[in-house]
Amino acid sequence: MKRIILLTLLVFTMNTNAQTDSNVILVIHGGAGTILKKNMTPEKEEAYRSKLKEALQAGYAVILNNGTSSDAVVAAINIMEDSPLFNAGKGSVYTNDERQEMDASIMRGSDLNAGAVAGVQTIKNPINAALSVMEKSEHVLLTGAGAQEFAEKNNVEIVDTSYFRSEVRLKQLKRVQDKEKMILDHDSDRGAVDSSEDEFNIDYIEDKKFGTVGAVALDKAGNLCAGTSTGGMTNKRYSRVGDSPIIGAGTYANNETCGVSCTGHGEFFIRNVVAYDVSALMEYAKMTVSQAGNEVIRKQSMIGGKGGLIALDRNGNVSMPFNTAGMYRGYVNVNGEIRIFIYEKE
Ligand code: ASP
């Protein structure tokens, strides 16, 4: 019994890992998941850190030049969408039938306006389409062909689906499918799953990392904005929509409380209405952004929802809790000082 209590305490402590800081004007994530130092080469780690830095610099430059928080969010996310390292835009993962279907959303804290697209296959930067929906339509969420047509009409760059094609992502899909078939077979044969850490398993775990990207910015006018962009989850059923384009689940912003962008197993983030919950805890329970972020991730752990979030309040306080092994994340403060983290203990 004592061991169980100790274990539970340990899990909760791990689950509420968070760096906190103030004077932050832009915070980003590049996905949470099974990101372990032992599976990382120094080169790969450096590649991630430098791309995150580039994204922070791009967003920071917008704010420094008196741009809006929405433009800063888009600028930061575009850098990550254009990189094959992240599961968004160029690096999007495959569905069960080898399509790449992307979701994105953006929300403004000043007037609670929001825009999102889901299941798009030809929009180079889905976050730009989400911005167009927010700024140029009376709607919040457009899906599939209609979203693509709307984006094209509003001068958002359209590309051929071959732009997103990736051998690496196809191999990941194959490994995930093989592994999942094996798990099913084992389950029905013997009621057990092979958990030995052979190369196949390590690759499988690595493939299951989520890798969505997101950003929350606070501009000079004091307006918050949050955005999220993703290819979803490897081997998701085609047409499946995750939390990332769902306002309140994957993304939320309100100048009275905070801006939030989530990453992780989307179904759980939808069920717990995670992004809005952070804001609601601040609004109704008067929690700080850090308390609210930790509480929401604790609740996620209770239902088995793996992932994390970034949140920024209107005073520049940041929170980045997660319950996975790692989360690509970082922020820049008002003085241009950048901090980047990958693993749990940093
Ligand atoms: N939340 C995303 C989804 O479920 C995946 C991720 O965050 O990487 O589609």
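Values for this structure:
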quantity	calculated
Burial order of peptide ranges 136-148, 58-70 (average beta-carbon count within 10 Å, highest first)	58-70, 136-148
Length-normalised contact order for the stretch 238-346 - Cα pairs under 8 Å, 6+ apart - percent	21 percent
As computed over the chain, the Cα convex hull volume per residue (Å³)	134 Å³
Members of K37/K306; K236/K299; K124/K181; K174/K236; K44/K171 lying beyond 21 Å, as alpha-carbon distances in this model show	K236/K299; K124/K181
Segment K286-K220, extension gain: residue separation times 0.36 nm, minus the distance between their alpha carbons	21.3 nm
Gain on full stretching of the segment that runs from A145 to N335 - 0.36 nm per residue minus C-alpha separation	64.1 nm
Apportionment of accessible area to carbon and sulfur, the chain, percent (1.4 Å)	52 percent
Relative contact order of the chain, pairs being alpha-carbon contacts under 8 Å that are 6 or more residues apart, as %	28 percent
The chain: antiparallel DSSP beta bridges as a percent of all, rounded to 5	90 percent
For the chain: accessible area per residue (Å², 1.4 Å)	43 Å²
Environment charge of N323, counting only residues whose C-beta is closer than 9 Å and scoring Lys/Arg +1, Asp/Glu -1	+2
Gain on full stretching of the segment that runs from R237 to K153 - 0.36 nm per residue minus C-alpha separation	27.4 nm
Residue-averaged 222 nm ellipticity for the chain, from DSSP H runs of 4+ at -39500 (n - 2.57), nearest 500	-12500 deg cm²/dmol
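The values are calculated or read from the model by the stated rules, or taken from the named source; none is laboratory data. Computed from a predicted model, the values in this text were never measured in an experiment. Cβ atoms come from the backbone with ideal geometry, glycine included; neighbour counts cover every protein chain shown. Accessible surface is based on the protein model in full, side chains and every heavy atom, while ligands, DNA and RNA are left aside. Shrake-Rupley method; radii C 1.70, N 1.55, O 1.52, S 1.80 Å.
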